[in-house]
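Colleague: Handing you a structure now.
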Amino acid sequence: EKSDGCLVGTDGIFSSPNVTEPKSDVNRTIPTPSVFMDGRGSIHNCLVGGKRLNLLHTKAGVMRSGDIHRNVQHDFVFSGKVEVWTLDKDGSTQKDIYQQHAFIKIAPGVPHVFHFLEDTVMAEWWEP
């Protein structure tokens, strides 16, 4: 929503009436190693050097994420093509396309959604 634009990148975004708490099972600790598979593809949850790293295979046409983090999120596209939607400070939606070998960095407090334009393999991880 446009009124949330001024909150992008601040802790205030988490208090917006347009931001809801996730379902209780969303924030549960996901064991590592583990694999989650559904109709969208698969997520391989890994622990590498004491840090969490997810490897995703996602099918074309799927949307994933739709969330906000209090820390920096990093993504790397190994193959495929993904359109990343982020909310700008002016309240508009920015859409950027990333392809093979692209690095993505999403700042804290920035709402984002991934729209997979092709079958895609990518990694995601977060700064502490």
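Colleague: Give the residues of region 91-114 that are hydroxyl-bearing (Ser, Thr, Tyr) and either surrounded by 18 or more Cβ atoms within 10 Å (Cβ to Cβ) or not in a loop (DSSP other than H, G, I, E, B) (or both), sorted by residue number.
Modeller: First, pick out the residues of region 91-114 that are hydroxyl-bearing (Ser, Thr, Tyr): 92-93, 98.
Across region 91-114, the qualifying residues are Thr93, Tyr98.
Colleague: Would you point out which residue out of Ser65, Ser3 is in a strand (DSSP E or B) and either without any contact (Cβ under 8 Å) to a residue 60 or more places away in the chain or not charged (D, E, K, R) (or both)? Let's see the steps before the verdict.
Modeller: On the way: Ser3 fails: in a strand (DSSP E or B).
Of the residues listed, the single one that is in a strand (DSSP E or B) and either without any contact (Cβ under 8 Å) to a residue 60 or more places away in the chain or not charged (D, E, K, R) (or both) is Ser65.
Colleague: For region 81-107, name all the residues that are touching a strand residue (DSSP E or B) at 6+ places or on another chain (Cβ under 8 Å), under 27 Å from Pro31 (Cα atoms) and in contact (Cβ under 8 Å) with a residue 40 or more places away in the chain.
Modeller: Val82
Colleague: Here is a follow-up. Does Gly9 fit the bill of being on the phi > 0 side of the Ramachandran plot, touching a residue at least 60 places away in the same chain (Cβ under 8 Å), out of contact with any His (no Cβ under 9 Å at 6 or more places or on another chain) and surrounded by fewer than 16 Cβ atoms within 10 Å (Cβ to Cβ)? Steps first, please.
Modeller: Numbers: on the phi > 0 side of the Ramachandran plot: yes; touching a residue at least 60 places away in the same chain (Cβ under 8 Å): yes; out of contact with any His (no Cβ under 9 Å at 6 or more places or on another chain): yes; surrounded by fewer than 16 Cβ atoms within 10 Å (Cβ to Cβ): yes.
Yes: the conditions hold for Gly9.
Colleague: Also, I was wondering about something else. Looking at Thr10, Thr93, can you tell me which residue is of a type in the set (S, T, N, Q) and modelled with pLDDT under 95? First the steps, then the outcome.
Modeller: Numbers: Thr93 fails: modelled with pLDDT under 95.
Result of the check over Thr10, Thr93: Thr10.
Colleague: Among the numbered conditions (1) crowded, with 16+ Cβ neighbours inside 10 Å; (2) at pLDDT 95 or above, tell me where Ser65 comes up short.
Modeller: Only one criterion in (1) crowded, with 16+ Cβ neighbours inside 10 Å; (2) at pLDDT 95 or above is unmet by Ser65, namely (2).
Colleague: Filter region 73-90 for residues that are touching a Cys at 6+ places or on another chain (Cβ under 9 Å) and surrounded by 13 or more Cβ atoms within 10 Å (Cβ to Cβ) and give the result. Even if it seems obvious, please write down each step before you answer.
Modeller: Start the filter on region 73-90 by keeping residues that are touching a Cys at 6+ places or on another chain (Cβ under 9 Å), which leaves 89-90.
Selection gives Lys89 alone.
Colleague: Also, I was wondering about something else. Being among the charged types (D, E, K, R), surrounded by fewer than 17 Cβ atoms within 10 Å (Cβ to Cβ) and not in a loop (DSSP other than H, G, I, E, B) is true for just one of Arg52, Arg70. Which residue is that? Spell out how you get there, then give the answer.
Modeller: Numbers: Arg70 fails: not in a loop (DSSP other than H, G, I, E, B).
Exactly one residue qualifies, and that residue is Arg52.
The values are calculated or read from the model by the stated rules, or taken from the named source; none is laboratory data. Keep in mind it's a predicted model, so treat the numbers as computed, not measured. Reconstructed Cβ throughout: ideal geometry from the backbone, glycine too, with neighbour counts over all protein chains shown.
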